[in-house]
Amino acid sequence: MTRVEIRFHGRGGQGAVTAAEVLAAAAIREGKYAMAFPEYGAERRGAPVLAFVRIDDKVILEREPVLEPDIVVVLDPSLVPSIYMRGLKPSGLTVINTKKSPEEAAEFIRSHGLNPPRCVATVDATSIALKHLGAPIVNTSMLGALARASKVVELDSLEHSIEEYFEDKPRIIEPNLRAVEEAYSSTEVVCL
Amino acid sequence: MAIAKPIRTVWDIPREEQFAPGHSMCQGCAAALIMRMLMKVAGKDAIVVMGTGCVEVTTTLFPRTAWRNPWLHLAFENTGAAASGVEAAIKALQRKGVLDPNRRIKVVAIAGDGGTFDIGLQSLSGMMERGHDVMYVVYDNEAYMNTGIQRSSATPFGAWTTTTPVGKRMRGEPHPKKDIIGIALAHRIPYIATANPAYPTDMMEKFRKAYETRGPSLVHVLSPCTPGWRIRNEHSIHVARLAVLTGMWVQLEIVNGKPRVTVKVPKRKPVREYLKLQGRFRHLTDEEIEQIQKMVDHYVEEINRWVGEQAIGPVAE
Amino acid sequence: MDRYLGKKYPETMEDLPIAAIVPWPGSTEEVDVSSWRTFRPVINQEKCIRCRLCWVYCPDSAILELDKEYTNKQGKKFRITFEVDYQHCKGCGICAFECPVNAIEMVPEER
Amino acid sequence: MEARSRERAEARQAQRIAAKGNYAAALAVRDVDIDVAAIYPITPQAQIAEKITEMVANGELDAEVIPVEGEHSAMSAVIAAAATGARVFTATSSQGLEYMHEMLYIASGLRQPVVMAIATRALSAPLNIWNDYSDVMGMRDTGWIIIFSETVQEVYDNLIQAYYIAEHPDVLLPVAVTLDGYILSHTVEPLEPIPREEVLKYAAKRPRGYRPVLDPDKPMTFGVVGGPDWYYEAKVQQDLALRESPRVIEEAAREFEKRFGRRYGLIEEYMMEDAEVAIVSLGATASLVKAAVNRLREEGVRAGMVKIRVYRPFPAEQVAKALENVKAVGVLDRALAFGAAVEGPLFLDVSAALAVRGITKPMASFVHGLGGRDIYVKDVVEMYKKLLNIAETGRSEPRTLFYGVRSRMRLH
């Protein structure tokens, strides 16, 4: 496996930073090297936030922000393509939380004058999160979608990491796992 | 072991000296006497934490020390914090069996008025608020005496100091003394007292109770300073006594918020008798003395109302 | 532990206790402060009523309370005697001032 | 021997966890079984305080945690607790470190084995919560042993070694361990923790009374007045203890490697065997410099890097030896020594280390990344190219070069 660089887009409170950390932990569980870090600073609820993940087989030395991600994960359907498409490699993938199909999402990106990447995946993570968690916290659902669309980590190691991450809140482990699984199975991916 | 029995008369005071002579505190220094009495009460099992000040610099000039207890000085403004650290360490080490959990080792923190009312107030507040098992003694000589008699927030109204000089436009300290007891009270600590070395058994009994208290306690002791107050060496106890007899200083004890006056003064002397012995008040005019008298009258009235009796009586010439 | 404690009267830094701690508790007791005095207190044992107040009020622990019997001229017998420790007395005069029976006199030092 | 330690290290691969620097610090503190911590929250360190308190709350750690009212009190309380014989810890950043500044000297002057983690951060004004090394550079002359960490793993390993060093009978000095604010404090990376029993065997608690402590059975006076007749000797005695400490620091590293398989030194040399140009750097920034070296090596440039792990006492001998054969030396600082002959504080150390040994090299002082300004690998590559230039001309840059700053002047 070569280097994969991932950027998460969300709003403060949606758990983009947690998603990045859980993803890195899953990769580390698989014996890979990984690095997860937020766009540094004080997180404020509602403000757009970024989080980054690098995954590699080798030690990662590049402690710099991800400028040209291979994958972009969009947690909030209200974010505009001009923000999350920035720097995304044409050969890359974007995973978007939306009710739209991948084709519709690609069209939406085009309607903003941008070229969608080679692969577009969509999932209605908000509905899934509301159903299982009772709140629109979509980070775990989006990880399920990412696992389905990209194979950067196995679903199993993702679930392990979620269990570990929420160790001190056992009540919410099960609902999150159900959300991950539903997102995993309902994600649609289209590659050109 | 600290003194276990109440101190009722001077004959209850142990003969053993836990604080050595030969230190270089001034002739007639009341703080020296306060330390001597305090350490008799505290005994051998106390760990002393001291802030920078007169007592610190005159008792620990390398290679000698006047202290027979484990003793620590770090800096000026952090006596409360340093005492908190020692107390936490004792607690942890006793719980982990490194120190004998059945032995009572008490932390006694000592600082002057500058190190308590001013620069050390935050650290003291933290110590009291967090409930550390520390007895805190402030010896109050009402100015920064160690650096050469500069005013502190404990300097009383009208007093001359080198930074509250007497001239055409300034007549000594323009503000009344800060109410450190009120500040301690606001922290709702279990034991608070004022004490005065002219009343040694009362003072030592308060030290004893403060030592016995589980949790933070504060004893505020008036400490006449011969050079700073410009008094005769032999007058330091006499002046301290007059502070009580004039109502300038009220001997209080507040146990779990309940106040009482431990040395009642049925007939007060006029404040003039206290002021006239001290060079720091020499410049005061009759009108200014009258103003101070009114401030004391008001203070006494407040205290009486607070304790619910006429503990301090009217002025009788 | 001993390696840290140095020598009581160090000559060079090698003998200095670590961090200049003082492992000699109460060592100021060795100091002679008698040169501070311009007046020395003298206790009149005849007048002394053994009230202990001079001992209590001394800031320098320089009044010694001794288990030494004393019988005055009236034949009153005391179990204890108060004497001045002139090595540690700075001559402040508190003892004389506070003595309720004027049994202590401050006498000029002549050297 | 080496094969075995590698084997053991590999066996532990399985126990790798994911942790951010702040958690790694808290884990280390738990694993050495501290007795007292006093911490005041400040970004980006606050998670250390949270995690330690959480560990105490759920019974994982038996310690007294004092939620002090400020950093000055935090440092005061841990010095006092250490003087009472406790194993202590505190953590801070930036303004907090400045606020405790006075007490830093007292910790070392009183020879107390205080251990502190510093999530490095810029200093006000203007207020800035992001990473640089201004705060820790401000404490460089306070008599502390200062160890920089490059990775989350190093944060953990360095803190454990810090206790070995600080409490060693030949040292008895406070030790600070850095973790770059956000860049390590908030970054999740692989971490191989060591089983607690093994940590405690390595950084073993010594019997009470091996060093002077506040003890009613053996009363001593700590923090005395040292007059002109003894103060000087006390300070030189303290300086010599710091100067001699590398012997123990290296012993701690050897013992650590023997037991846990990870190697540490006073400095780390990267691709220095045949290097023609080298950059000296610190902390997590060193990762970026290594990445730049890798990139340049692919282009055929003989670049190398020297990472200062132990910044105080400064490993002058090792640094001089490492740089002996290069053609030009650059020093990458993330702090300013305002008004100094050259404004890079690390540069001042490196140039002095070389000069007193009669080693003269064309040098350049690079400053970048102040207040969290991102440094990219390409920026460091540019610095190396500048060095190649300097190597050719043989002339040092007399002024600090400010990389990445927006200016109409030519500042680099």
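Summary of computed values
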{"read-out": "Percent accessible area from carbon and sulfur atoms, region D:267-402, protein chains only, probe 1.4 Å", "value": "48"}
{"read-out": "Considering only region D:267-402, percent of DSSP beta bridges that pair antiparallel, nearest 5", "value": "20"}
{"read-out": "Cys with no candidate disulfide partner in chain C (beta-carbon separation under 4.7 Å rule)", "value": "C:Cys48, C:Cys51, C:Cys58, C:Cys89, C:Cys92, C:Cys99"}
{"read-out": "Ratio Rg/Rh [Cα only; Rh per Kirkwood] for region D:13-260", "value": "0.95"}
{"read-out": "Percent antiparallel among DSSP beta bridges (both partners in the protein assembly as shown, rounded to 5)", "value": "40"}
{"read-out": "Between helix D:345-355 and chain D: long-axis angle, C-alpha atoms, 0 to 90°, nearest 10", "value": "70"}
{"read-out": "Of the GluC sites (Glu not before Pro) in region A:137-192, those whose Cβ has at most 15 other Cβ within 10 Å and which sit in DSSP loop", "value": "A:Glu154, A:Glu167"}
{"read-out": "Probe 1.4 Å, accessible area per residue of region C:53-111, Å²", "value": "51"}
{"read-out": "Average Cα contact separation per residue, chain A, under 8 Å, 6 or more apart, as relative contact order %", "value": "22"}
{"read-out": "Whole-number accessible area per residue in Å² for region A:97-192, which is evaluated in the context of all protein chains at 1.4 Å", "value": "50"}
{"read-out": "Whole-percent carbon and sulfur share, accessible surface of region B:76-190, 1.4 Å", "value": "55"}
{"read-out": "Residue of A:His112, A:His160, A:His132 that the Gaussian network model of chain A assigns the largest fluctuation, springs spanning Cα pairs under 10 Å", "value": "A:His112"}
{"read-out": "Neighbour net charge for A:Leu177 - beta-carbon separation under 9 angstrom, K R +1, D E -1", "value": "-3"}
{"read-out": "Hull shadow area, averaged, the protein assembly as shown [alpha-carbon convex hull, nm²]", "value": "51.1"}
{"read-out": "1.4 Å probe, heavy atoms, protein only - residues of region A:17-66 losing at least 30 Å² accessible area vs chain alone", "value": "A:Glu21, A:Ile28, A:Tyr33, A:Ala36, A:Tyr40, A:Gly41, A:Leu61, A:Glu62, A:Arg63, A:Glu64, A:Pro65"}
{"read-out": "Per-residue SASA entry for C:Met1, accessible area with 1.4 Å probe, Å² rounded to 10", "value": "60"}
{"read-out": "Of D:Ala316, D:Ala28, D:Val224, farthest towards positive along the dipole that unit charges on Lys, Arg, Asp, Glu beta carbons give chain D", "value": "D:Ala316"}
{"read-out": "C/B buried area, accessible surface, summed, 1.4 Å probe, Å²", "value": "3300"}
{"read-out": "Area buried, chain B against chain D - accessible surface, total, 1.4 angstrom probe, square angstrom", "value": "3200"}
{"read-out": "Per residue value of the accessible surface for chain B (all protein chains in place, 1.4 Å probe), Å²", "value": "36"}
{"read-out": "Positive-pole candidate from D:Ser149, D:Val248, D:Val136, dipole of region D:107-266, charges at beta carbon", "value": "D:Val248"}
{"read-out": "Among beta bridges that DSSP assigns inside region A:4-191, antiparallel share in %, nearest 5", "value": "60"}
{"read-out": "Cut-off 15 Å between beta-carbons: net charge of the residues surrounding A:Leu23, Lys and Arg +1, Asp and Glu -1", "value": "-3"}
{"read-out": "Most mobile listed residue (D:Arg309, D:Arg297, D:Arg140) in chain D, GNM with C-alpha springs under 10 Å", "value": "D:Arg297"}
{"read-out": "Positive-pole candidate from A:Gly10, D:Ala122, A:Pro102, dipole of the protein assembly as shown, charges at beta carbon", "value": "D:Ala122"}
{"read-out": "Magnitude of the charge dipole, region B:165-302, Cβ model with Lys/Arg +1 and Asp/Glu -1, debye to 20", "value": "200"}
{"read-out": "Carbon plus sulfur fraction of accessible area for region C:21-107, probe 1.4 Å, in percent", "value": "52"}
{"read-out": "About the Cα centre, charge dipole magnitude for chain D (Lys/Arg +1, Asp/Glu -1 at Cβ), debye", "value": "920"}
{"read-out": "Proximal lysines relative to D:Lys361, as straight alpha-carbon distance under 28 Å, when same-chain residues fewer than 8 apart are discounted", "value": "D:Lys290, D:Lys307, D:Lys321, D:Lys327, D:Lys378, D:Lys385, D:Lys386"}
{"read-out": "Disulfide-incompatible cysteines by the Cβ rule (no partner under 4.7 Å) in chain B", "value": "B:Cys54, B:Cys225"}
{"read-out": "Per-residue [θ]222 nm for the protein assembly as shown (sum of -39500 (n - 2.57) over DSSP H runs n ≥ 4, rounded to 500)", "value": "-10500 deg cm²/dmol"}
{"read-out": "Cα-based Lys pair tally, region D:13-260, threshold under 21 Å, eight or more apart or on separate chains", "value": "4"}
{"read-out": "D versus C: buried accessible surface, summed, Å² (probe 1.4 Å, to nearest 100)", "value": "1700"}
{"read-out": "Semi-axis lengths (Å, descending) of the ellipsoid that matches the C-alpha gyration tensor of region A:129-173", "value": "19, 15, 6"}
{"read-out": "Tail beyond 31 Å, pair distance distribution of chain B (Cα, percent)", "value": "27"}
{"read-out": "B:His283 accessible area, assembled protein chains, probe 1.4 Å, Å²", "value": "40"}
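The values are calculated or read from the model by the stated rules, or taken from the named source; none is laboratory data. Here the structure is a predicted model, which is why all the values come from computation and not from measurement. Every residue, glycine as well, gets a Cβ built from its backbone with ideal geometry; the counts of neighbours run over all protein chains shown. Note: areas computed on protein heavy atoms with side chains; ligands, DNA, RNA excluded. Shrake-Rupley method; radii C 1.70, N 1.55, O 1.52, S 1.80 Å.
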